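Read the structure below first, then the notes.
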Amino acid sequence: MSLERRPTDPVPDLVSLLQGDDHAGDLHRTRSGIVLVTRYDDVVEGLKNRALSNRPGPFALVHKRNASIHVAADVANNLIAFQDRPEHVAPRRAMMRAFGAALAEFRPSVDELAQQLAERMFRRTDIEFMRDFSSQFASLAVCRMMGLPQTDAEKIRGWSTPFFQLFHAMPDRTALEALNRSLEEFRAYFAAVAENRTALPGRDFVSLLLSAQEDGDRMPVQAVIDNCMLLAADGVENVQTGLASSVATLLSHPDELDKLKTAIAGGDDPVVRGAIGECLRFESPGQYQLRNAIEDTQIGSKPIRRHEIVALCFGAANRDPAAFDEPNRFRIGRSGPRHLAFGAGYHGCLGSALVESELAATFRVLFGQGRRLALRDREIRWQHRVGHRWPEALNLVVG
Ligand code: HEM
């Protein structure tokens, strides 16, 4: 079975947008006015360019002028993912500090959680990895780090899917109304959690973020609540699918999988870390992130005009032959620059250390205990989404 990209596979909307458009050097301007940045060095430069803003653009539904009309716009404008420097700095620092401390508490039990879920999964004969393992692992991990009851994991999963619509164009009014309703419920949930943790703080992320109020990195309580929603949603969706595509990639490259198994058996952590990075490079769950040009600027020597929307294409950059030798080959021992699946710099993924722990734990329970796993289907079906390369399902057989 091959998991190589086909032209229609990864982000069909981008691919079709590209056809017949203006390819000026290495930047591609689509007919709808989006500038696609696909080379590794250009994406890295774009991530550092302060003229490329994360704030919702003037025509976006989630622009702050709509904050009193749509909950979605109110929420978006509180999220660090939609902020620029300098307002982004203090809340990001507070979140990183709280996340680091909460992860230090949780990390020792990541393996134990993976083991429990794997034992339950291997009792089944018809394993669908996302249903039986990765979606539960991702949401239970988030619940534990945030000090939420494990029984709330399903509710968190239910709110996470619509939450991601904040980052995309809204298809219609019905979708917007459904999103607003879901965000109201999600907010009410975290408002109750925040109230409870203010009265009775613990060592979890929510308590630690609330207590950052006293360290000079003050965030309004509503911003704490909304960023807890961001963290929970980010912790679920990309992870449940990223674990699945990593497992699928390894199972379809048996020679590389054998190297990983040897490394797990010998406790060779650098090789395991290399495998994690290579899985994320090869099948990047987040394919691109949008930015708005708030002034005329350039990437390399190529001009970008004010008000243009720029897509920093992490998935394409991770396959750039100028950065990665034989980029379409999956090799767990490769050297070269760090992959961009987590972005980098100011807005780089806040949860990357958790993801890496979850992937390492997953590899150990799947590939380090002598089981013979195989893919049941000849082809992986990918969800039809803009911006994400997420499998629909991953059926496995145990030999
Ligand atoms: C495989 C899983 C994941 C992938 C591929 C991923 C990818 C990314 C990427 C590409 C960005 C940067 C976006 C940009 O430059 O605008 C990002 C940001 C972020 N991620 Fe992740 N992520 C993953 C898992 C997680 C987890 C587990 C958490 C937390 C529990 C998390 C929390 C965040 C947050 C809060 C941000 C916003 C940071 C900011 O804007 O300052 N992510 N993620």
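Test residue 284 against the stated conditions and say whether it is buried (at least 17 other Cβ atoms within 10 Å of the Cβ), of a type outside the set (Phe, Trp, Tyr) and within 16 Å of the ligand (Cβ to nearest atom). Answer is yes for this residue.
When segment 287-300 is filtered for residues that are open to solvent by less than 50 Å² (accessible area, probe 1.4 Å) and either without any contact (Cβ under 8 Å) to a residue 60 or more places away in the chain or closer than 16 Å to residue 328 by Cα (or both), only 287 remains. Screening residue 315 against (1) of a type in the set (Gly, Ala, Ser); (2) within 14 Å of the ligand (Cβ to nearest atom); (3) assigned to a loop (DSSP other than H, G, I, E, B) leaves a single unmet condition, (3).
Of the conditions (1) surrounded by fewer than 20 Cβ atoms within 10 Å (Cβ to Cβ); (2) of a type outside the set (A, V, I, L, M); (3) in contact with a Pro (Cβ under 8 Å, 6 or more places away or on another chain), residue 315 fails just one. Which one is it? Only one criterion is unmet by residue 315, namely (1). Contact map, segment 197-213: first residue more than 13 Å from residue 94 (Cβ to Cβ) and of a type outside the set (Phe, Trp, Tyr), second residue open to solvent by less than 20 Å² (accessible area, probe 1.4 Å) and modelled with pLDDT of 95 or more, Cβ cut-off under 6 Å, separation 6 or more or different chains; pairs are 197/206; 197/207; 201/207; 204/102; 204/146. In segment 334-359, the residues that are modelled with pLDDT under 95 reach residues that are part of a helix (DSSP H, G or I) and within 8 Å of the ligand (Cβ to nearest atom) with C-beta atoms within less than 9 angstrom, at least six apart or across chains, in these pairs: 345/47; 346/47; 346/92.
If you check residue 137 against the conditions, is it away from the ligand (no atom under 15 Å from the Cβ), aromatic (Phe, Trp, Tyr) and modelled with pLDDT of 95 or more?
Spelling it out, it is not the case that residue 137 is away from the ligand (no atom under 15 Å from the Cβ), aromatic (Phe, Trp, Tyr) and modelled with pLDDT of 95 or more.
Give segment 140-152 a look and list any residue that's over 22 Å from residue 210 (Cβ atoms) and either assigned to a strand (DSSP E or B) or open to solvent by less than 70 Å² (accessible area, probe 1.4 Å) (or both), or say none. Even if it seems obvious, please write down each step before you answer.
Of segment 140-152, the ones over 22 Å from residue 210 (Cβ atoms) are 140, 151.
Within segment 140-152, 140 is the sole residue that qualifies.
Among the conditions (1) within 24 Å of residue 138 (Cα to Cα); (2) in contact with a Lys or Arg (Cβ under 8 Å, 6 or more places away or on another chain), residue 362 misses just one, which is (2). The residue that is farthest from the ligand (Cβ to nearest atom), among those in segment 201-237 that are open to solvent by 70 Å² or more (accessible area, probe 1.4 Å) and not basic (Lys, Arg), is 214. Number of residues in segment 65-80 that are of a type in the set (S, T, N, Q) and within 20 Å of the chain's Cα centre (by Cα) equals 2. When the test is whether a residue is in contact with a Cys (Cβ under 9 Å, 6 or more places away or on another chain), surrounded by 14 or more Cβ atoms within 10 Å (Cβ to Cβ), on the phi < 0 side of the Ramachandran plot and among the aliphatic types (A, V, I, L, M), residue 332 passes it.
Filtering segment 161-200 to residues that are in a loop (DSSP other than H, G, I, E, B) and either at pLDDT below 95 or open to solvent by less than 60 Å² (accessible area, probe 1.4 Å) (or both) leaves 168, 169, 170, 171, 172. Residues that are open to solvent by 20 Å² or more (accessible area, probe 1.4 Å), within 11 Å of the ligand (Cβ to nearest atom), more than 28 Å from residue 117 (Cα to Cα) and in a loop (DSSP other than H, G, I, E, B) are absent from segment 385-395 altogether.
The values are calculated or read from the model by the stated rules, or taken from the named source; none is laboratory data. Quantities reported herein were computed from a predicted structural model and do not represent experimental measurements. All Cβ positions, glycine included, derive from the backbone under ideal geometry; neighbour counts span all protein chains shown. Note: accessible area is taken over every heavy atom of the protein model, side chains too, but ligands, DNA and RNA are not part of it. Shrake-Rupley method; radii C 1.70, N 1.55, O 1.52, S 1.80 Å.
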